[in-house]
């Protein structure tokens, strides 16, 4: 691996990819989770997709690095569609009693 060229993916890009593609969140919900704008989420995902595509097509390694990591002390399950608590009404049967509207 050390002889391969590589592309560098930031931790923000990794987090956005995970939220979008592994957890199924929409960009609005990702923006709320990451405390950034929806437009910034779109730019981050576009950059990550471009880098991953380059790595796959050109046979490059992927390096993840960069930035401080901050974990939320309270993980609340949010709606992947709107980013609100699951009592938002978008997903039937998911009312978990987190109150009304946004957290």
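Bear in mind that the values in this text are calculations on the coordinates, not laboratory data. Just so it is clear, the structure is predicted and the values come from calculations on it, not from any experiment. Don't worry about glycine lacking a Cβ; one is built from the backbone with ideal geometry, like all the others, and counts go over all protein chains shown.
Side notes on the structure shown:
- Counting beta carbons within 10 Å around each of 51, 60 and listing the fewest first gives the order 60, 51.
- Distance between modelled label sites at residue 57 and residue 6, nm, 7 Å Cα→Cβ extension: 2.2 nm
- Among 13, 54, 65, a tally of other beta-carbon atoms within 10 Å of each Cβ gives an order, fewest to most, of 65, 54, 13.
- Which of 2, 38 has the fewest Cβ neighbours within 10 Å, and the rest in rising order: 2, 38
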